[in-house]
Amino acid sequence: MADFKLTGGCQCGAVRYTITEPAVDTHHCHCGICRKLHGAIFVTLSTFPRSGFKFDQGASNLGTFNSSEKLHRHFCKTCGCQLTIDVDSAPDKIVVATGTIDNGADPGHPRQTLRHAYVNSKVPWYEIGDKLPQQP
Ligand SMILES: [Zn+2]
Ligand SMILES: [Zn+2]
């Protein structure tokens, strides 16, 4: 995977990161916490090996919100962009808000991981129109 490289960052550009290993998972999260924090009816999240992720700038400009005891969400203090999530149970991984990857680049996840999660929390007026697996 020597050639794999993604760059990304927040909306205002204060926080920038580089990723050099492909994602192990990408899914659409319909949970109520992501909905409020991202201001979107569902949020796409990609999980990467932490060994391939680094902040190039702005790490000190990150705020942290612990949406649960074991889930630490990091956002840009300047523009409010939700960027990454640290999960205590998986310290060797980092969850990245997929939409913060530059130019909509492909996170490189195995295709079969793509799914809808927490669909029981989905907004009732939005009907999922694709054939991806749905987890309750
Ligand atoms: Zn920002
Ligand atoms: Zn969620």
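Rule-based calculations on the coordinates, nothing more; no lab input. Note that this is a predicted model, so its numbers are computed, not measured. Note that we place each Cβ from the backbone using ideal geometry, even for glycine, and neighbour counts take in every protein chain shown.
Counting only residues that are among the β-branched types (Val, Ile, Thr) and within 16 Å of ligand 1 (Cβ to nearest atom), which one in the stretch 6-29 is nearest to GLN134 (Cα to Cα)? Lay out the reasoning, then the answer.
Kept after step one, since they are among the β-branched types (Val, Ile, Thr), are these residues of the stretch 6-29: 7, 15, 18-20, 24, 26.
Add one more test, that the residue is within 16 Å of ligand 1 (Cβ to nearest atom), and what stays is 7, 15.
Details: THR7: 29, VAL15: 33 Å.
Within the stretch 6-29, the match that is nearest to GLN134 (Cα to Cα) is THR7.
Quick one: in the stretch 10-37, of everything that is in contact with a Ser or Thr (Cβ under 6 Å, 6 or more places away or on another chain) and outside any strand (DSSP E or B), which residue is surrounded by the fewest Cβ atoms within 10 Å (Cβ to Cβ)?
Within the stretch 10-37, the subset in contact with a Ser or Thr (Cβ under 6 Å, 6 or more places away or on another chain) is 12, 14, 18, 23-26, 28, 30-33.
Those left that are additionally outside any strand (DSSP E or B): 12, 14, 23-24, 30-33.
Values: CYS12: 14, ALA14: 17, ALA23: 25, VAL24: 15, HIS30: 22, CYS31: 17, GLY32: 12, ILE33: 16.
Per the criteria, the residue is GLY32.
Scan the stretch 44-98 for residues that are within 12 Å of CYS10 (Cβ to Cβ) and within 15 Å of ligand 2 (Cβ to nearest atom) and jot them down.
If the condition is that a residue be within 12 Å of CYS10 (Cβ to Cβ) and within 15 Å of ligand 2 (Cβ to nearest atom), then HIS74, PHE75, GLN82, LEU83, THR84, VAL96, ALA97 are the ones that fit.
Which of the residues that make up the stretch 51-73 are within 24 Å of GLY108 (Cβ to Cβ), away from ligand 1 (no atom under 16 Å from the Cβ) and loosely packed, with under 15 Cβ neighbours inside 10 Å?
SER51, LYS54
With the requirement that a residue be part of a loop (DSSP other than H, G, I, E, B), among the small types (Gly, Ala, Ser) and free of Cβ contacts under 8 Å to residues at least 24 places away in the same chain, what does the stretch 91-136 give you? Explain how you work it out, then say what you get.
From the stretch 91-136, those part of a loop (DSSP other than H, G, I, E, B) are 91-92, 105-110, 114-115, 118, 122-133, 135-136; that's our starting set.
Restricting the remaining residues to those that are among the small types (Gly, Ala, Ser) gives 105, 108, 129.
Passing the criteria: only GLY129.
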